[in-house]
1. Scan region 29-62 for residues that are basic (Lys, Arg), touching a helix residue (DSSP H, G or I) at 6+ places or on another chain (Cβ under 9 Å) and farther than 17 Å from TRP107 by Cα and jot them down.
2. Which of the numbered conditions does ALA126 fail, given that it passes all the others? Conditions: (1) of a type in the set (A, V, I, L, M); (2) closer than 26 Å to PHE17 by Cα; (3) without any contact (Cβ under 8 Å) to a residue 12 or more places away in the chain.
3. Please go through (1) over 23 Å from SER19 (Cα atoms); (2) open to solvent by 70 Å² or more (accessible area, probe 1.4 Å); (3) in a helix (DSSP H, G or I) for ASP104 and return the number of the only condition it doesn't satisfy.
4. Please verify whether VAL93 is within 27 Å of ARG146 (Cα to Cα) and in a loop (DSSP other than H, G, I, E, B), treating the condition exactly as stated.
5. Looking only at region 59-87, count every residue that is open to solvent by 50 Å² or more (accessible area, probe 1.4 Å), within 22 Å of ARG133 (Cβ to Cβ) and assigned to a loop (DSSP other than H, G, I, E, B) and tell me the total.
6. Looking at (1) free of Cβ contacts under 8 Å to residues at least 40 places away in the same chain; (2) surrounded by 14 or more Cβ atoms within 10 Å (Cβ to Cβ); (3) among the charged types (D, E, K, R), which is the only condition GLU56 fails?
7. Would you say ASN90 is surrounded by 17 or more Cβ atoms within 10 Å (Cβ to Cβ) and either modelled with pLDDT of 95 or more or touching a strand residue (DSSP E or B) at 6+ places or on another chain (Cβ under 6 Å) (or both)?
8. Look at ALA126 and say whether it is among the hydrophobic types (A, V, I, L, M, F, W, C), open to solvent by less than 30 Å² (accessible area, probe 1.4 Å), outside any strand (DSSP E or B) and over 21 Å from ALA31 (Cβ atoms).
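The values are calculated or read from the model by the stated rules, or taken from the named source; none is laboratory data. Source: prediction; values computed, not measured. Every residue, glycine as well, gets a Cβ built from its backbone with ideal geometry; the counts of neighbours run over all protein chains shown. We work out accessible area using only protein heavy atoms, side chains counted, and drop any ligands, DNA or RNA first. Shrake-Rupley method; radii C 1.70, N 1.55, O 1.52, S 1.80 Å.
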Amino acid sequence: MTGADPGKLTLMGRFNFYSSTYLGGVARFYARVHRRLYTRFGGTRFATLFGDPVFELTVPGRKSGEPRPVMLMLVRSGDDLLVCGSNGGNPGVPNWWKNLLATDKAWVRIGRESFPVTYRVVTDSAEYDAHWRTLAATYPHFDTYRALSPRQFPIAVLSRA
């Protein structure tokens, strides 16, 4: 732990951290089932994860070139979306992040609406801090992941193409 007050860490954040770090196969299975149900119902159901809104990001696999969809927390910043490569606090960077960095093509699905997006990785520290506050205000478990993980999580801004 990075010295955060253990009393401020969320129980769900701790659970997600534990799941992603020690039960990777179970966490990936749940994520696949959730995404398939979201797709099956056309984005009208399973649009939340434990009560928090989610969306589907699809990027081509960096090796296969096949579409690789993933469900992420829905965090808006004006007309843009913010994505964080937290991987539930897992020490490793998520594969979807590696795939995103390897391509210039990505698509978002929010409910019934789908559209292409461009992205840019946040590198400025002041902008990073501002976006982190938005991420954590929308989904407080990000602060727990940050407190339990040894790495800094990358942030990207997705904009409609």
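1. Filtering region 29-62 down to residues basic (Lys, Arg) leaves 32, 35-36, 40, 45, 62.
Remaining after also requiring touching a helix residue (DSSP H, G or I) at 6+ places or on another chain (Cβ under 9 Å): 45, 62.
Across region 29-62, the qualifying residue is only ARG45.
2. Result: ALA126 passes all but (2).
3. Single failed check for ASP104: (3).
4. On the way: within 27 Å of ARG146 (Cα to Cα): yes; in a loop (DSSP other than H, G, I, E, B): yes.
So VAL93 fits the description; yes.
5. 2
6. Among (1) free of Cβ contacts under 8 Å to residues at least 40 places away in the same chain; (2) surrounded by 14 or more Cβ atoms within 10 Å (Cβ to Cβ); (3) among the charged types (D, E, K, R), GLU56 violates only (1).
7. Values: surrounded by 17 or more Cβ atoms within 10 Å (Cβ to Cβ): yes; either modelled with pLDDT of 95 or more or touching a strand residue (DSSP E or B) at 6+ places or on another chain (Cβ under 6 Å) (or both): no.
No.
8. Working: among the hydrophobic types (A, V, I, L, M, F, W, C): yes; open to solvent by less than 30 Å² (accessible area, probe 1.4 Å): no; outside any strand (DSSP E or B): yes; over 21 Å from ALA31 (Cβ atoms): yes.
The answer is no for ALA126.
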